[in-house]
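The values are calculated or read from the model by the stated rules, or taken from the named source; none is laboratory data. A quick note: this is a predicted structure, and the numbers were derived from the prediction, not measured. FYI the Cβ positions are ideal-geometry reconstructions off the backbone, even for glycines, and counts take in every protein chain you see.
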Amino acid sequence: MRKPRDYDSELKALELKARQLKSRRQSQLGELVIATGADALTSEELAGALLAAVTTHDHAMKEAWRKRGAGFFSGGRPGAGDSAGREPGGAASGAGSTPPPSSEPGAA
């Protein structure tokens, strides 16, 4: 004879896994914001940039963003300094990245 399945415990396990995945997703999004230097932006600026990215229909622009993102994740451009020469906003992002390195030696 087969052992009856415990659907309630399976459902609870799936709900727990879904909560863990959602939590990890939120954490990774926060890490991404910090890693890119976007934490130097105000909430309104960041929300506006994300809304513009979501609502744009310019496929060439989206492809350029995808390539920059792929370059960021591949490690080819670890810092904001590499993008500073290509985009005026890069210098402000680099300035926002400067305080954490200076605080690290002081903390050590």
* Asked: Failed condition for residue 7, given (1) modelled with pLDDT of 95 or more; (2) out of contact with any Gly (no Cβ under 7 Å at 6 or more places or on another chain), with all others met?
  -> (1)
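Considering every residue within segment 7-17, establish whether at least one is surrounded by 11 or more Cβ atoms within 10 Å (Cβ to Cβ), among the small types (Gly, Ala, Ser) and either touching a residue at least 40 places away in the same chain (Cβ under 8 Å) or touching a Cys at 6+ places or on another chain (Cβ under 6 Å) (or both).
No, that holds for no residue.
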* So which of 40, 53 ends up being among the hydrophobic types (A, V, I, L, M, F, W, C) and modelled with pLDDT under 95? -> 53
* To do: Select from segment 50-65 the residues that are exposed (fewer than 11 other Cβ atoms within 10 Å of the Cβ) and charged (D, E, K, R) and list them in ascending order.
  => 58, 63
* Which condition number in (1) surrounded by 11 or more Cβ atoms within 10 Å (Cβ to Cβ); (2) aliphatic (A, V, I, L, M); (3) free of Cβ contacts under 8 Å to residues at least 24 places away in the same chain is the one that residue 40 fails? -> (3)
* Asked: How many of the residues making up segment 18-37 are assigned to a helix (DSSP H, G or I) and either of a type in the set (Ser, Thr, Tyr) or in contact (Cβ under 8 Å) with a residue 40 or more places away in the chain (or both)?
  -> 3
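Does residue 47 count as touching a Ser or Thr at 6+ places or on another chain (Cβ under 7 Å) and surrounded by 11 or more Cβ atoms within 10 Å (Cβ to Cβ)? Walk me through how you get there before you give the answer.
Details: touching a Ser or Thr at 6+ places or on another chain (Cβ under 7 Å): no; surrounded by 11 or more Cβ atoms within 10 Å (Cβ to Cβ): yes.
No; evaluated as a whole, the condition is false for this residue.
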